[in-house]
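The values are calculated or read from the model by the stated rules, or taken from the named source; none is laboratory data. Just so it is clear, the model here is predicted, and its values are computed rather than measured. Methodologically, a virtual Cβ is constructed for each residue, glycine included, from the backbone with ideal geometry; neighbour enumeration extends over all protein chains shown.
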Amino acid sequence: MNSHRLILVVGVFVAFATANALPGQASPDSDYIARALSAAPPAVASGAAVVRMEEDGSLTTLRKGSNGFTCLAFHPSVPMCADANSMEFMQAVMKHVPPPNKVGIAYMLQGDAPGGSNTDPYATSKTADNHWVVNGPHIMVFGPPAKTLGYPATKDPDTTKPYMMWAGTPYEHAMIPVALPQ
């Protein structure tokens, strides 16, 4: 399953729980938490909640957040941090309903290999005609304002430059590559 399809599986969540570890030992979830938090800049990651998607699609909260962002890792190594509006947008995609009329931001600073279809929000693998793209580190901007940015909406974009993903669908959103400090 590609990273964008897995993003779609992520639902809105409310329950919070903390991971338990014995004193002096690392939590068995500490590697997962570190990987999930690597999706966002340190200032965002420091206050973000961390969830893990279970095999049945449910979410287990591993760390409570304080800044409205939620981080998770999927496929198994693709991390993402999304604000509440982005999570709501992705929930709409998953349910095949109109997305919210809200601006949302999501970080994927580790990229999204193995990639996803640039034209079909529901594609799960590369085909001859679904315009597969693999992005390096990037942010995504969701909601109506993203469509006014004037970025190319081509089926086979240059992923080193900003472009619109899923153009012409209700789920169109901006993909903006970012350079990471060396």
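For the stretch 87-103, taking the residues that are part of a loop (DSSP other than H, G, I, E, B) and farther than 17 Å from G168 by Cα, the one that is nearest to the chain's Cα centre (by Cα) is identified as V103.
Okay, residues lined up against (1) in contact (Cβ under 8 Å) with a residue 40 or more places away in the chain; (2) in contact with a Ser or Thr (Cβ under 7 Å, 6 or more places away or on another chain); (3) surrounded by fewer than 19 Cβ atoms within 10 Å (Cβ to Cβ):
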{"residue": "N101", "(1), (2), (3)": "yes, no, yes"}
{"residue": "Y122", "(1), (2), (3)": "yes, no, yes"}
{"residue": "D129", "(1), (2), (3)": "no, no, yes"}
{"residue": "P137", "(1), (2), (3)": "yes, no, yes"}
{"residue": "G143", "(1), (2), (3)": "yes, no, no"}
{"residue": "T148", "(1), (2), (3)": "no, no, yes"}
{"residue": "Y151", "(1), (2), (3)": "no, no, no"}
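Scanning the stretch 153-167 for residues that are among the hydrophobic types (A, V, I, L, M, F, W, C) and surrounded by fewer than 18 Cβ atoms within 10 Å (Cβ to Cβ) gives a single hit, A153. For the stretch 125-172, filtering for residues that are of a type in the set (G, A, S), in contact with a strand residue (DSSP E or B) (Cβ under 9 Å, 6 or more places away or on another chain) and more than 21 Å from I105 (Cβ to Cβ) leaves 1.
In the stretch 53-86, what residues are among the aliphatic types (A, V, I, L, M) and over 12 Å from the mean Cα position of the chain (by Cα)? Hits for the stretch 53-86 are M53, L59, L62. In this structure, does V50 turn out to be crowded, with 20+ Cβ neighbours inside 10 Å and either closer than 26 Å to P144 by Cα or at pLDDT 95 or above (or both)? In short, yes. Out of the residues in the stretch 168-182 that are in contact (Cβ under 8 Å) with a residue 60 or more places away in the chain and buried (at least 16 other Cβ atoms within 10 Å of the Cβ), which is farthest from the chain's Cα centre (by Cα)? In this case the residue turns out to be Y171. Residues in the stretch 74-86 that are touching a helix residue (DSSP H, G or I) at 6+ places or on another chain (Cβ under 8 Å) and assigned to a loop (DSSP other than H, G, I, E, B): H75, S77.
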